[in-house]
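S.K.: Dropping a structure here in C-alpha cells format, bear with me for questions.
The values are calculated or read from the model by the stated rules, or taken from the named source; none is laboratory data. None of these values were measured; they are calculated from a predicted model. Positions of Cβ are generated from backbone atoms using ideal geometry, with glycine treated the same way; all protein chains shown enter the neighbour counts.
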Amino acid sequence: MQKLSILFVLVFFIACQQEKTTEKEASATSEQKTMTLRGEIMNPSSSIVSLSNGEDKYEGKVEDGKFEIVVNLDEAGNYRFKHGAEYAYLFLEPNDDLMMKLDATQFDQSLAFSGTGAEENNYIIGKYNISDELGLNDEEIYKLEAKEFSDELDVVYKKLGDNYNAIIQDNQVINADFANNAYIDLIYEWAAKRLQYPAYHKHYAEKEATLGDDYYDFLNKIDIDAPKALENKKYKSFIGMYSSHLAEDNLKKNDTYNNATDKEKTMIRLKEKLAVIPTQFKSSEVQQHLNFVTLNDHIKYNGAAEMKDLVADFNAKSTNEEQKKTLNENFENWTAITVGKDAPDFKYKNIEGKEIALSDLKGKNVYVDVWATWCGPCRKEIPHLEKLQDKYASTDNIVFTSVSIDDDKEKWEKM
C-alpha cells in the first residue's frame, strides 16, 4: 500500500484497500457479535455515558470513575460517545474490547484508547486534535489570502497524512474499510476546503478572494469521477459541492438568471446544476447519485412546485430503485402540502396535557413554529415570536402554536 502524500499526485487505489482482509476481520465469528466499551474518567462531569448510532442509544453508569457498555453489533459502524456536554465519534465493530481513558476537564486532549479497536479510534482523535491544534477548524484560516491559505492547508494535511501513515499504513489490525475511508476522507476534505475557500473568505474576511489563474489546478490532482468512492461521505459531499460550484460559475454570466426573481432563480439554478453533471462525470453511478441528491434536496428545501417533469425524467432514466422510491415519496409528501391544499392534521398535547389538533383551529390563520430546547437559533427566535403574538393578541382569526420536538419533557416544560 502506498503512503499518503499531501501532493495527492496519485493513482486512486480504492480497490486494493477493499480487497484486503485484516487479522481482526479474519478472526470474527458469527457466534460472537458483541462489542464492549470500558472506560476510566478523571473528574467526571456526569454519572452517565452514552453511545448512539441513529435511533439506537446505549447508556452506562459512571461509578468510581469507571463505566462499561456492552452492545450487540452485527456490523462495524460509527458511534457517538457522550459524557456531559462533551462528545467524540468512535469506530466500533463486533468483537471489539475497547478501553478508553479521559479527563473530562480536558476531553479531546486526554482521550486515549487501548485494547481491540484502539488503532482506529486513536487515529480519529489524533486527526481531530491535529486539525484543532493547527487551526483547521478555525475561521481565521479562511481570512488568509489565497496563496497563504493554500500553503497553510497543505501544512495541515501533510501532518494529517503523516498521522495516517504512522497509525494506519501497513497496519494489519486496522479494519480495511476504515483504512480505505480514512484515506479517501483526507483527499476530499482537502479538496473541499480548497473549493469552499472563496465563499468562506468572503464571509469571514468580508471581501472577495483574489485567486490566481492556477488556483483551481488542484482539481487536476484528484479523481473527481470515482464511482468506487460513492460509499464515502466526504467524496459525496465534495462532488455535490463541485457541481454546485460549476453551476454557480456558469450562472454569473447568465443574463436570464441575473434578471430573474428569487423564485425563478431557484429553478434556473436547479436546472443548471442538472445540466452540468453529465459534462463533468462520465460514470453512470456518479451521475445517478448527483441527479438524485440534487432533485431530492431541492424538494426538501423548496417544495414540489414545478418538479413533476424533472422527477418523471429521473424515474425514466435511473436504475436505482431505492433512490427512485425515496425521491417519489418525498415528491408525493410535498405535493400534498403545496399552496392551496388542505393542511394535514396533527395532534399534540399542550403543557397542561390537553390534546390539541390542527383541525380544532379550522377557519383561522395558524402560525406553526417547530422548535426544540437544544436548538440555539430556535431559542433565539422565542422573544421575537412573543412580540409577534403580542402584536396580534386582539386579532381573533390568528392563532400561534409552537410544536416542540424534544424527547425530554422536563426541559420543554421549564422553557
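S.K.: On the given criteria, is Q287 part of a helix (DSSP H, G or I) and surrounded by fewer than 16 Cβ atoms within 10 Å (Cβ to Cβ)?
M.R.: Here the answer is no, as Q287 does not meet what is asked.
S.K.: Let me ask another. Test D369 against the criterion of being assigned to a strand (DSSP E or B) and charged (D, E, K, R), and give yes or no.
M.R.: Considered against the rule, which asks whether it is assigned to a strand (DSSP E or B) and charged (D, E, K, R), D369 comes out as yes.
S.K.: Tally the residues that are in a loop (DSSP other than H, G, I, E, B) and either among the charged types (D, E, K, R) or touching a Leu at 6+ places or on another chain (Cβ under 7 Å) (or both), restricting the search to the range 92-148.
M.R.: 8
S.K.: Only residues that are farther than 24 Å from L102 by Cβ, in a helix (DSSP H, G or I) and either at pLDDT 95 or above or charged (D, E, K, R) (or both): list them for the range 22-77, please.
M.R.: E23, E25
S.K.: Suppose we filter the range 211-238 for residues that are of a type in the set (D, E, K, R), under 20 Å from D151 (Cβ atoms) and touching a residue at least 24 places away in the same chain (Cβ under 8 Å); how many remain?
M.R.: Final tally of qualifying residues: 1.
S.K.: Can you name the residue in the range 393-413 that is closer than 17 Å to E381 by Cβ, hydrophobic (A, V, I, L, M, F, W, C) and outside any loop (DSSP other than H, G, I, E, B) and is also modelled with the highest pLDDT among such residues?
M.R.: Checked the range 393-413; the qualifying residue modelled with the highest pLDDT is F400.
S.K.: May I pose another question? Kindly indicate whether K253 is at pLDDT 95 or above and charged (D, E, K, R).
M.R.: When the stated conditions are applied, K253 does not pass them.
S.K.: Criterion first (exposed (fewer than 14 other Cβ atoms within 10 Å of the Cβ) and of a type in the set (S, T, N, Q)) does N296 satisfy it?
M.R.: Against the criterion (exposed (fewer than 14 other Cβ atoms within 10 Å of the Cβ) and of a type in the set (S, T, N, Q)), N296 does not qualify.
S.K.: Looking at the range 239-260 only, could you name the residues that are without any contact (Cβ under 8 Å) to a residue 12 or more places away in the chain and either of a type in the set (A, V, I, L, M) or touching a strand residue (DSSP E or B) at 6+ places or on another chain (Cβ under 8 Å) (or both)?
M.R.: Hit for the range 239-260 is A260, nothing else.
S.K.: A further question on this structure: Given the criterion over 22 Å from S283 (Cα atoms) and either crowded, with 18+ Cβ neighbours inside 10 Å or at pLDDT below 95 (or both), identify the matching residue among A229, A179, A191, A146.
M.R.: Exactly one residue qualifies, and that residue is A179.
S.K.: If the requirement is being touching a residue at least 24 places away in the same chain (Cβ under 8 Å) and closer than 20 Å to G115 by Cβ, which of these qualifies: V62, V71?
M.R.: V71
S.K.: Then there is this: Examine the range 60-67 for a residue that is farther than 25 Å from N165 by Cα and of a type in the set (K, R), and state whether such a residue exists.
M.R.: Yes, the range 60-67 contains at least one residue that is farther than 25 Å from N165 by Cα and of a type in the set (K, R).
S.K.: Kindly evaluate I48 against the criterion of being β-branched (V, I, T), over 30 Å from D217 (Cα atoms) and either out of contact with any Ser or Thr (no Cβ under 9 Å at 6 or more places or on another chain) or buried (at least 19 other Cβ atoms within 10 Å of the Cβ) (or both).
M.R.: Considered against the rule, which asks whether it is β-branched (V, I, T), over 30 Å from D217 (Cα atoms) and either out of contact with any Ser or Thr (no Cβ under 9 Å at 6 or more places or on another chain) or buried (at least 19 other Cβ atoms within 10 Å of the Cβ) (or both), I48 comes out as yes.
S.K.: Which one of these does A304 not meet: (1) in contact with a Ser or Thr (Cβ under 6 Å, 6 or more places away or on another chain); (2) part of a helix (DSSP H, G or I); (3) touching a residue at least 12 places away in the same chain (Cβ under 8 Å)?
M.R.: (2)
S.K.: Hey, another quick one. If I go through the range 237-259 residue by residue, how many of them are touching a Ser or Thr at 6+ places or on another chain (Cβ under 9 Å) and surrounded by fewer than 19 Cβ atoms within 10 Å (Cβ to Cβ)?
M.R.: Looking only at that region, the number is 3.
S.K.: List pairs: first in the range 182-210 and touching a residue at least 12 places away in the same chain (Cβ under 8 Å) and more than 16 Å from E139 (Cα to Cα), second hydroxyl-bearing (S, T, Y) and part of a helix (DSSP H, G or I), Cβ under 6 Å, 6+ apart or cross-chain?
M.R.: From residues that are touching a residue at least 12 places away in the same chain (Cβ under 8 Å) and more than 16 Å from E139 (Cα to Cα), the pairs are I184/Y235; Y188/Y235.
S.K.: Can you find a residue in the range 192-207 that is closer than 26 Å to D151 by Cα and in a loop (DSSP other than H, G, I, E, B)?
M.R.: Yes, some residue in the range 192-207 is closer than 26 Å to D151 by Cα and in a loop (DSSP other than H, G, I, E, B).
S.K.: Ok, one more. I need every pair where a residue in the range 74-87 that is closer than 16 Å to S47 by Cβ has its Cβ under 6 Å from the Cβ of a residue that is of a type outside the set (G, A, S) and surrounded by 14 or more Cβ atoms within 10 Å (Cβ to Cβ), sequence separation at least 6 or different chains.
M.R.: F81/L51; F81/L90; H83/V49; E86/F107
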